[in-house]
Structure formats: C-alpha cells, structure tokens
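Structure, as structure tokens:
What follows draws every value from the coordinates through simple rules; no lab data is involved. Note that this is a predicted model, so its numbers are computed, not measured. Ideal geometry is used to build each Cβ from the backbone, glycine not excepted, and the neighbour counts take in all protein chains shown.
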Amino acid sequence: MSSAKTRKISRSILVAGGAAILVGAIAAAVNPLHASNRSDSSVSGHVPAQGRQAQSVPTRAGNTDDYETTDQWFTPGSGQVLPQFSQYANPAGKVEILNANGPLPTEGHPFFTPLGSNGRACVTCHQPSDSMSISAATARARWEATQGKDPLFAAVDGSNCPSLPQDDPKSHSLLLDHGLFRIFLPWPPKRPDGTRIEPEFTLEVVEDPTGCNTDPKYGLKSDNPMVSVYRRPKVVGNMKYIEPHYAQYFNLKTGEPLAKDPETGNRVSMNLMADARNLTLKSQAFEAATTHLQRKGGLTEDELSKIVAFERQIYVAQGEHSVAGPLVVPGGPNGLGALAMLNGQYGLGNIVSNPVFGFFDMWRAEPNTTSPRDEAAEMRASIARGADVFFFRPFWISDTTGLNNIGLGNPLKRSCATCHNASMTGHDVAPGWIDVGTQNLPTVQRLSHLPLFKLTCRDDVEPHPYLGRVIYTHDPGRALITGRCIEIGAINLQQMRGLAGRAPYFSNGLARDLRELVDFYDRRFNIGYTEQEKQDLVNFLSVL
Amino acid sequence: MKNHRMISIRGSLGVIASVLLALFAALPAHASDKSAKTIAPGKRLSFVSCPIVRDTEMVPCWLAEYEGELYYLGIQLDLQSEFFPPQLKHEALVEGVVSDKPRICGGIVLEPVKVSSLPEINLSCNTILPAEGYKIENARRGTGPDPDTLSARNQARARQVEQYKPPYTQRTYTVYFDFDSTYMPSRSTRVVTEVMRYATAIDAKHIQITGYRGSALLTNGKKMVEKASLPEIRVKNIESALVDLGVKPSIISTKWSDKPEKPDGIDDFETRRVVIVVTP
C-alpha cells in the first residue's frame with residue numbers, strides 16, 4: 001500500500017464527501033437506526049444458528065502482525081491509512097478505489113480490525129487491490145506467502161470444511177482454485193423472526209466432495225442442521241447503486257412487496273447478497289462478523305455504524321487499461337473510473353439515452369491503421385464495440401427463471417443489458433435473482449469440486465418453470481432462504497465493476513476469466529458470438 | 001359473478017390490438033395460402049396448445065396452432081404491455097376472439113386475446129419459426145434497450161395518480177390471474193397499489209377481498225378447472241400485500257370459494273379473479 005498511487009481529487013469529490021457527512025449527521029439526529037443500542041431486529045433469523053456453528057469451529061491463534069503488509073495486501077489491524085484515492089495493479093491494468101470521505105486512518109476501524117476470534121477483518125476478503133473483493137490468485141499468493149497461516153484460510157469457511165486437516169492446501173482447494181468461501185445456512189430455512197419455514201422441497205446430498213454437508217458436526221444431520229454451499233465474496237463499494245430500490249412497492253420477480261428494513265420500515269433493494277438473505281448493510285455486517293470473523297455476540301451499534309458508513313463511501317472501478325491506457329481522460333467515456341461512480345446517478349440503464357455504462361462513441365472511430373499501429377486506439381475501438389455488443393446485440397434468452405417467467409415470454413430476444421440494467425453497475429434493479437443456469441444441471445455441467453444436491457418439489461406447489469420438480473443443483477440459491485421450488489438455483493446478479501481484479505466470476509466461480517464468462521453465455525444461450533465479438537466483450541468488461 | 005365483468009379490460013385489449021395491427025407489414029405471397037380455411041370473424045376460441053414464436057425482424061411475434069390453423073397472439077414488448085407472451089416448454093391456454101383483420105405473422109388475429117402459460121412443463125413445446133418474410137414494424141420497442149419511452153411512461157403514470165375527492169364511494173377492483181397461477185405481474189400489483197392508495201386516502205372502513213376459483217370451457221367441449229387451493233392463496237397474498245403497504249389489518253375481511261366458477265367459453269379468464277371492494 002505504501003506505493004499505492006495517490007493523486008489529486010477534484011474539489012467535487014471533497015464537496016460530495018462533505019455533503020455525505022452532513023447528510024449522515026442529519027440522519028443520525030432523526031433516525032432511530034442510529035440509536036446507541038443495537039436493535040435485535042437487525043439480526044436475521046438464520047444468524048443465531050450460524051453463530052452456533054461458527055463458535056463451534058476451532059480457531060488458530062490469530063496474530064496478524066506475523067504477516068507482512070504488501071502493496072497489494074491490506075493486513076487487518078495494520079493501522080495503515082486508506083488514501084482518498086488509490087490505484088492497484090490487476091491483470092488488465094489498474095483498479096481505482098475512491099474513498100469519498102477522505103483518507104481513512106484504519107487504526108481501530110471495525111472494517112479493518114480483527115473483531116472475532118480468527119484474526120480476520122472485513123478487509124481480509126474485501127481487499128482494495130481486488131476491487132473490494134478477493135481473487136483466487138490473491139488467495140493463492142497469500143497461501144504461498146504465509147504457508148497457509150493467514151486468517152484468510154480460517155477453518156470456519158476458508159477451508160472446504162472445518163473438519164478437514166487445515167494445514168493441507170487440499171483442504172482449502174475451493175478457495176485457492178475457485179475463490180470460494182463456505183456459506184453455511186440453517187436447514188430448513190428460517191424467517192427473519194427465526195421461525196421455521198416449511199420448504200416446498202426435500203433436499204438430498206448426492207455428492208459431497210468437501211464432506212461438509214454430510215459431516216456429523218457441521219452437516220445436514222448434525223445437531224445444528226446446516227447446508228453448506230460455496231460462493232464468491234461480492235464487491236464492497238458503489239453502494240449508492242446497490243442499496244436503492246427501483247420499484248416503488250413490488251418485487252417484479254415474485255409479485256410480492258419488496259422487503260423492508262426491519263428497523264426503519266423503508267423498502268430495500270434486496271440486491272445486497274447472492275440470495276438476498278440479509279436486507280441491509282447492517283444486517284449483512286452482523287452476519288459476516290458472526291460467521292466469517294467468528295465474533296461472538298455480533299457487533300455493537302457503533303461498530304455497525306462505522307462499517308456501514310465506510311461501505312457507503314467507497315467507489316470502485318477500473319481506471320487504467322494496460323493497452324488502452326488511462327480510462328479517465330478528457331473527452332473519454334463518461335462512465336469509467338471511480339470518480340464517475342461517485343458522480344453518477346442511480347437508475348435504469350437499459351434505456352437508449354442512459355446506457356448502463358455510459359457512452360463510448362468517441363472510441364468507436366476506426367483506429368488509424370497507418371504505421372506504426374496505434375494499439376491503444378485499436379483497443380479503445382474494441383472496447384467501444386464491446387459496449388455495443390453488451391447493450392444492443394440481441395440473442396434468445398431462454399429458460400431463465402426470474403426473467404422468462406414474469407411476463408416477458410420464453411424465449412425473449414434481447415441483449416445483455418436487459419438483465420444487467422442498473423446504471424453504472426450493471427446489476428438488475430428488479431431485484432435480480434435469476435436462475436441463469438450457473439448452478440442447476442443440466443444448464444451447467446457437473447462441477448466435481450462442488451456439492452451436488454437433489455431437490456424434489458412437492459406435487460402441490462408450482463414447479464421450477466424449466467426444470468420441473470426434480471432438480472439437481474450445486475447451490476439452491478434463493479430457495480435456501482425461501483424454501484420455494486420456483487427459486488431453486490436463482491442467484492442475484494452482482495455488480496460488474498472492477499471485474500479485472502476479482503476473477504473468477506459468477507457466485508460459484510464458474511468462469512476462471514472474462515473469456516470463460518463470455519463463453520458461458522455464448523454456450524448457454526446459443527448466441528453465436530463471432531470471435532471478434534467475444535474479444536470485444538472481454539475488452540469491454542475489463543475496463544468496467 | 002360473470003355479469004360483473006369489467007368491460008374496461010376488453011376495451012383496452014381492443015386498443016392494444018388495433019395498435020398492433022399497425023405493426024402489420026406486407027405478407028409474403030404464401031401467407032395468404034394459409035387463409036384458405038375460413039374462420040368466421042367473431043368466433044370465440046378457447047384452446048390449449050403449444051405456443052410458437054416466430055423470429056421476425058424488430059421483435060418476435062407469438063402464435064399458437066389449433067386444429068391445423070395458426071393464430072396470432074401478439075408481439076414481444078415489455079412488462080408495460082397488455083399482452084404478455086407465453087413460454088416455450090409450457091402449453092398455453094388461449095382464449096380469444098377471431099378478428100376479421102389481416103393476418104399477422106402468418107396467423108389469424110385473435111383480438112382480444114388472453115394467454116395463460118400453464119405451470120407444468122411440456123418439452124414438446126419448442127418451436128421457433130424463422131421469419132419467412134414476415135416483419136414487425138413500428139413496434140414500441142425492439143430487441144434492444146428501451147427507446148426512452150419507458151421512463152416517459154413511468155413519469156406519465158406518476159402524474160396520473162388519482163387525487164380522491166369526497167364524497168367517497170364504494171369502489172370495486174378486480175385482479176385477474178393466469179390459469180393455475182398465483183403470480184401477480186406488474187399490471188396486477190398496480191391494482192393492489194391502487195386499492196391501498198384509495199383505502200388509505202379515504203380512511204376506508206372496510207375492505208372485502210373475495211377469491212374465486214377459475215374454470216374454462218374449451219372450444220372442443222372440455223372443461224378445465226383451477227386447483228382448489230388457489231383462491232385462498234391469491235386472497236391471502238393480496239391481503240398480506242395490502243397490510244405490508246400500510247392498510248390496517250382490522251378493516252380487511254377475506255373469503256374465498258373452492259367451488260369452481262361456471263364457464264361458458266366466453267371470457268372465461270374473468271372467472272379466475274380476486275375481487276376487492278373498498279367501502280368508505
């Protein structure tokens with residue numbers, strides 16, 4: 001971090017930052033959320049069971065001072081300052097992290113401080129260098145640097161299962177090879193008030209390569225029945241686009257009212273998590289501390305407030321491309337770079353006058369082909385073509401729960417931006433849990449490293465619209481929270497910013513790189529992209 | 001209850017269908033061959049069959065085949081549209097009236113028409129036809145992003161929020177459902193929202209929610225009846241939504257019947273409904 005580039009930020013950031021502080025202060029004066037004592041209504045019903053399992057998992061003596069802080073790794077508890085603006089190298093160039101409220105001394109800040117028993121902090125898995133997520137490559141580098149002793153590899157969820165020998169890298173293969181963390185959820189599911197939901201389906205473990213779903217202590221038949229699935233950490237940043245709800249009252253996907261923040265009564269986007277199990281940043285932080293950090297008793301109101309405030313002031317976007325050069329330049333695209341994220345407007349981006357990621361017209365011109373070749377110009381033209389493919393190129397979108405079954409028809413002929421429709425971030429404002437086919441067989445091929453479940457839906461409930469009543473899946477997704485057959489395999493679309501720094505992609509790490517991501521869609525929807533279109537899309541995605 | 005039908009639905013369908021007709025473009029020569037069989041305009045048809053999608057330019061159009069004839073149902077638009085396309089992998093219940101208008105996409109135009117995607121999977125419903133020279137022109141939107149009409153429509157709708165003035169009267173709202181479905185798409189949730197707005201604005205004394213079990217008499221004489229559990233689920237979903245939106249639970253009464261409504265083959269889609277009566 002010491003060599004992380006910093007540069008002058010325009011006065012507008014500082015003004016915006018000041019305004020944010022002022023708004024926060026006003027909110028604190030009138031909002032009961034900011035009361036000094038935490039209300040238990042912010043704790044989702046599934047968390048107590050998770051807490052019991054987390055507390056039962058042994059931890060190593062966590063001493064973060066043992067592990068060196070590097071330019072790319074932010075060590076929990078190191079006390080280093082997070083600059084107002086920083087850039088970090090990644091395979092496509094550099095990602096920008098903009099901390100809108102100014103430089104943050106992290107000493108004692110709950111996002112950066114180990115708060116639980118395993119030595120981790122939030123920053124452990126939400127590294128600035130990795131677009132506020134963490135890549136599999138970084139996990140591997142960290143294993144090498146610490147011989148697997150870094151708290152990142154905590155047995156509770158940084159290994160395939162806590163019962164495995166923790167010194168063996170094979171026990172952490174899902175994290176090291178696919179960037180996956182274990183998410184353990186009570187089964188049957190629980191409502192926000194903790195009461196049991198009667199699921200519409202039975203759940204059987206068909207294959208259990210990690211051993212955790214059949215483990216006598218941690219599995220489905222344990223005293224604290226828990227299902228384990230494996231997911232990638234989402235980006236902590238750009239929250240002004242993720243938190244708002246677009247629809248006034250109703251969730252398009254279910255026809256039911258959007259959920260409410262239990263403390264404020266305000267409706268929420270339901271877009272924070274892959275399965276929408278926590279509705280607010282506060283409840284998400286509480287669960288994360290309970291599970292990932294193995295913190296007993298959750299977080300205090302002060303800790304929660306500081307974490308949420310930090311998460312709301314961080315903006316993430318690629319700022320430089322290794323071939324195209326700086327992405328934030330006068331006269332360049334208006335939607336690139338972290339400052340654009342700060343200044344952008346939340347809304348629906350699947351509109352001609354308001355493209356999801358802004359306009360790239362100025363790069364669309366044919367590059368000068370005279371000698372010597374202008375590789376940067378050619379790359380910029382490719383990026384602009386990729387933006388067009390993303391925004392305009394139609395294909396048949398079929399058999400996708402959450403899209404084709406809500407009145408749009410199956411198949412629907414549209415483009416990527418139909419689902420990736422949120423301005424600036426490209427998630428789905430709807431909210432966006434969709435079964436695009438990354439979890440359920442046969443749309444995804446059997447993934448031998450992941451558990452495989454057989455879910456059998458009752459005859460008296462509405463079946464999954466494209467897979468029926470017997471479904472094989474690696475991760476039931478939203479259905480693990482609601483118990484609904486129709487939602488099996490549905491996962492919230494995640495934002496598309498800072499992609500280059502946080503491979504692999506999809507919630508289960510299915511795509512190792514951006515090319516595999518594009519290839520997945522090409523196969524899944526039989527799109528027939530040309531090689532040029534594929535490369536243009538990859539280049540476009542790498543600058544977001 | 002069928003004598004309480006809301007003709008506004010039929011009227012709006014007519015307008016939509018008229019607009020769709022404007023989309024009709026020159027038919028290829030062979031299309032007229034298919035019209036050799038005469039189907040009397042005004043004839044009501046109710047049938048279950050696999051929907052068919054045609055890959056026409058601008059946007060796809062949707063068809064269904066019945067007794068060897070192709071019928072045009074509508075085009076792909078978006079959730080602001082009155083017509084919601086059906087789904088491949090599912091049969092569809094088609095309830096419509098034969099129009100005397102020229103064929104669209106090679107199909108006899110059903111207008112008005114209601115199409116319900118049936119919940120169970122039928123993998124034989126998998127036909128995507130090539131364009132074969134058919135085109136859709138001047139549709140509100142194509143296969144790409146919205147041409148700025150969506151935001152304009154939303155703004156217009158926001159401006160149209162009704163301001164209620166006394167004397168307040170009893171109002172009846174109806175939410176219709178697809179056959180054997182409890183899902184409320186945006187056009188249905190807009191009705192529920194309107195109920196909430198009216199009830200809270202006038203400080204309503206009572207809201208009666210009544211669910212009916214739908215049925216349909218098909219043209220071939222067969223009768224379809226919805227699952228008995230659906231009226232209760234629909235009513236409770238709407239009650240729950242209203243309470244969530246801020247309506248006092250104490251003013252809501254609910255009832256439902258698991259006895260199927262009697263179908264007659266005429267607008268049987270109106271039998272699968274929930275009626276909400278708001279009393280000042």
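Counting Cβ atoms of other protein chains within 10 Å of each residue's Cβ and taking the mean over peptide A:411-422 gives 4. For the range B:30-133, trypsin sites (Lys or Arg not before Pro) meeting the loop criterion (DSSP other than H, G, I, E, B) and having at most 13 other Cβ atoms within 10 Å: B:LYS37, B:LYS43. Taking R0 as 30 Å, what's the FRET efficiency between B:GLU194 and A:ARG196 from their Cβ-Cβ distance, rounded to 0.05? FRET efficiency, B:GLU194 to A:ARG196: 0.25. Here the 3J(HN,Hα) profile of the range A:500-508, calculated from phi with Karplus coefficients 6.51, -1.76 and 1.60 at θ = phi - 60°, is 4, x, 9, 5, x, 10, 6, 4, 9 Hz, Gly and Pro shown as x.
Per residue of peptide A:344-357, the mean number of Cβ atoms on other chains within 10 Å of the residue Cβ is 3.
Placing a label point 7 Å from the Cα of B:LEU123 along the Cα-to-Cβ direction, no residue of the range B:38-60 has its backbone N under 12 Å from that point.
Inter-chain neighbour count for A:373-382: the average number of beta-carbon atoms from partner chains within 10 Å of each residue's beta-carbon is 0. In this calculation the C-beta distance from A:VAL470 to B:GLN208 is compared with R0 = 41 Å, giving a FRET efficiency of 0.50. Once the C-beta distance of A:ALA365 and A:ASN266 is scaled by a Förster radius of 51 Å, the resulting FRET efficiency is 0.65 to the nearest 0.05. The sum of -39500 (n - 2.57) across all DSSP H runs of n ≥ 4, divided by the residue count of chain A, sets its helix-only mean residue ellipticity at 222 nm to -7000 deg cm²/dmol.
Once the Kirkwood radius over Cα pairs is known for the protein assembly as shown, the Stokes-Einstein relation at 37 °C and 0.692 mPa s delivers a diffusion coefficient of 116 µm²/s. Measuring from each cysteine beta-carbon in chain A, the ones with no other cysteine beta-carbon under 4.7 angstrom are A:CYS122, A:CYS125, A:CYS416, A:CYS419.
Near B:ALA228: Cβ cut-off under 14 Å, other residues only, Lys/Arg at +1 and Asp/Glu at -1. The net charge is -2.
Among beta bridges identified by DSSP and lying wholly in the range B:161-279, the antiparallel ones come to about 70 percent.
The residues neighbouring A:LEU327, those whose beta-carbon lies less than 13 Å from its own, together hold a net charge of +1 under the Lys/Arg +1, Asp/Glu -1 convention.
Name all residues of the range B:258-279 having a backbone nitrogen under 17 Å from the label point set 7 Å from the Cα of B:ARG44 along its Cα→Cβ direction, giving them as ranges. Residues passing the 17 Å test: B:261-273. Taken along the Cα-to-beta-carbon direction at a fixed 7 Å, the label points for A:ARG458 and B:GLU132 span 4.5 nm.
Identify the trypsin sites (Lys or Arg not before Pro) of the range B:166-271 meeting these criteria: DSSP loop state and at most 12 other C-beta atoms within 10 Å of the C-beta. Please list the in-between numbers first.
Values: sites: B:ARG171, B:ARG187, B:ARG190, B:ARG197, B:LYS205, B:ARG213, B:LYS222, B:LYS223, B:LYS227, B:ARG234, B:LYS236, B:LYS255; in loops: B:LYS205, B:LYS222, B:LYS227.
Listed in order of number, the matching sites are B:LYS205, B:LYS222.
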